[in-house]
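Asks: Handing you a structure now.
The numbers here are math on the coordinates, done by the rules we state, and not lab data. Given the structure is predicted, the values throughout are model-derived calculations rather than measurements. Cβ placement follows ideal geometry from the backbone for every residue including glycine, while neighbour counts extend to all protein chains displayed.
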Amino acid sequence: MLDDMISSDARPRLGLPIVLLMAAATGLCAGGNYFNQPLLDSIADHLNVSASAAAATVTIAQVAYALGLILLVPVGDMVDRRKLTVGLMLLAATGQAVSGFAPNFATLAVGIAVAGVFSVAAQVLIPFAASLAEPERSGQVVGTIMSGLLIGILLARSVAGVLSGLGGWSTVYKVAAVLMVVMAVALWRSLPSDSADRPKASYRATLASVGKLAATLPRLRTRSAMGGLAFAAVSTVFTTMAFLLSGEFGYSDTQIGLVGLLGVAGALMATVAGRLADRGLGQLATGGAIAILLVSWLPFVAGATHVVWFLVAIVLADLALQGVHVSNQNVIYALVPEARSRVNSVYMTTYFVGAAVGSAVGSVVWKSYGWNGVCIAGLVFSVATAMVWVHDRRLETAELRIPQSPVAVG
């Protein structure tokens, strides 16, 4: 195993400044896929397209990101991840620049697609950080970087709105392109070279091994399922809360956006979950987070008529989602240390598929059954998450009794 080959003396020191830099980089990369959400009206007006066409850029970004997770993230197990991260960020910056200078909608769509595909640099950085960190600090490091990713996503919409108000929607993408280049240069100068020995494998063989990992690692499947189901549960609310807040409470788009900032609380849970994992309490972190998710549906139901309860529920749901997510990542990164990028590809693809399913279910249920229907759907996803967690605990107990043979990943 790679971690066994690297002695504590040989492992590069991953100090707090570098961890914070990596956290900022992941936040910038991930947040870039959300810049367009508050800009859709302006994009439609300035490029003379319909609102539905402008909204299609959201789907374009999501599909492009999913393709990057499948096709690019596994490459992190083949090449120097420092070089890969910087290269991906520079290509993402190119996409942001194309979007910022787009003279028409077609060019904008291409720019957003390019930026989306290569923004998976964030998902290369996270397992890279886990491999650089001392084993006893791995959970804390991953939790800190995940906090940066979450804050980046949450701030992206608000910052995009402010920049658009100052200089127009295209300013958002131009500024993002410059920041992406600056961040790439900073990472190149700060990160150690990823010079670990790797088995010789073709790109085709590397992609094929992703499926093999999913097939041969039961806990990768359970942890991926937990992440996808938990994200599906919360996504039922994220997709429909604008309808509730605007219809029942008369909130404006700006006010609804500010409600989303309550999710910053989830960043705190990411750090706590990471520290618990470092202390060998990863299952406690997962179980506690799932319990919070289950409890959150009570204030969500009350939130249909009392906005304070809705706000409490949003905080609880965000705390729970990040707790599940970070504890999952700490488990999967330890399964096959030399294949962390491919393992992350499996997990994150499942994670975002879960979000897409939850969003679709939330939209359909809202139309037919209203807010109570949304809460029931979210609760069902949450109960399913808890059931998978129970199975995962059994798998962990079995592994402790009968140590598993190393998985050959090629």
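Asks: Enumerate the helices in the chain for which the Kyte-Doolittle hydropathy averages 1.0 or more and the C-alpha atoms extend at least 15 Å along the helix's axis, using complete DSSP H runs. The partial results should precede the final answer.
Replies: Values: long enough: 16-31 (22 Å, 2.02); 51-71 (31 Å, 1.70); 81-100 (28 Å, 0.55); 105-118 (20 Å, 2.30); 121-132 (16 Å, 1.70); 138-167 (41 Å, 1.46); 169-190 (32 Å, 1.36); 203-216 (20 Å, 0.48); 218-249 (45 Å, 0.71); 265-278 (21 Å, 0.94); 282-302 (31 Å, 1.61); 307-335 (43 Å, 1.49); 340-401 (48 Å, 0.44).
Passing helices, by number: 16-31, 51-71, 105-118, 121-132, 138-167, 169-190, 282-302, 307-335.
Asks: Run the numbers for THR59 and ALA215: contour at 0.36 nm per residue of separation, minus the present Cα-Cα distance, in nm. Please list the in-between numbers first.
Replies: Details: separation 156, 0.36 × 156 = 56.16 nm, distance 2.91 nm.
Once the chain is fully extended between THR59 and ALA215, it gains 53.2 nm.
Asks: Here's a follow-up. Can you list which of the trypsin sites (Lys or Arg not before Pro) found in segment 5-101 are DSSP loop residues with at most 11 other C-beta atoms within 10 Å?
Replies: The qualifying sites are ARG13.
Asks: Could you give the nm distance between label points at VAL308 and LEU262, where each point is 7 Å from its Cα heading toward the beta carbon?
Replies: About 1.2 nm, to one decimal.
Asks: Taking LYS83 as the anchor, which lysines have their alpha carbon closer than 22 Å to its alpha carbon, excluding any fewer than eight residues away along the same chain?
Replies: Counting by Cα, and skipping residues close in sequence, LYS83 has these lysines nearby: LYS200.
Asks: Are there any trypsin sites (Lys or Arg not before Pro) in segment 319-376 that are in a DSSP loop and have at most 12 other Cβ atoms within 10 Å? List them by number.
Replies: On the way: sites: ARG340, ARG342, LYS367; in loops: none.
Nothing satisfies the criteria.
Asks: Roughly what would the spin-label model give for LEU166 and VAL380, points 7 Å off Cα along C-beta, in nm?
Replies: In this crude spin-label approximation the distance works out to 4.6 nm.
Asks: To the nearest Å, what is the center-to-center distance of segment 88-126 and segment 48-62, using C-alpha atoms only?
Replies: Taking the Cα centre of segment 48-62 as reference, the centre of segment 88-126 is 15 Å away.
Asks: What FRET efficiency do you get for GLN255 and THR397 if R0 is 60 Å and r is their Cβ-Cβ distance, rounded to the nearest 0.05? Write out the running numbers ahead of the final one.
Replies: On the way: r = 48 Å, r/R0 = 0.79.
So the FRET efficiency works out to roughly 0.80.
Asks: Could you work out how far apart the two model spin labels at SER193 and ALA51 are, taking each label as a point 7 Å from the Cα in the direction of the beta carbon, and quote it in nm?
Replies: Modelled inter-label distance: 5.5 nm.
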